[in-house]
Amino acid sequence: MFGARIELERCLVGPGFEVSKGQRKGLVQGVARGDETSDRLDKAHTMAQNTTRAGDEILNKLHGQREKVLSARCSAVGTDA
């Protein structure tokens, strides 16, 4: 997370590279925003995976319940005859 920011700061103090304090501050803030955005995307991705997993579990349970209802219906129809 902080690696990009540290690398940027190293580049900004290298020989032959002159940048104003305002430019430096803007660049560092841009990298910080990028890091924050990356963190939010990681959290959103994790949430999406958890939601998918929960949805799969629900669908599997519903499928099992459907099978039980159909089986019970077939048994009930067979005893009516």
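When the alpha-carbon atoms of segment 25-81 are used, the pair Rg, Dmax equals 24.7, 84 angstrom. Cβ-Cβ distance of Glu67 and Ala44, R₀ of 41 Å, FRET efficiency by 1/(1 + (r/R0)^6): the value works out to about 0.75.
If you plug the beta carbon distance of Thr37 and Glu57 into 1/(1 + (r/R0)^6) with R0 = 30 Å, you get a FRET efficiency near 0.45.
Each value in this text was obtained by applying a stated rule to the coordinates, not by laboratory testing. Source: prediction; values computed, not measured. Neighbour counts are summed over all protein chains in view; Cβ atoms, including those assigned to glycine, are modelled from backbone coordinates with ideal geometry.
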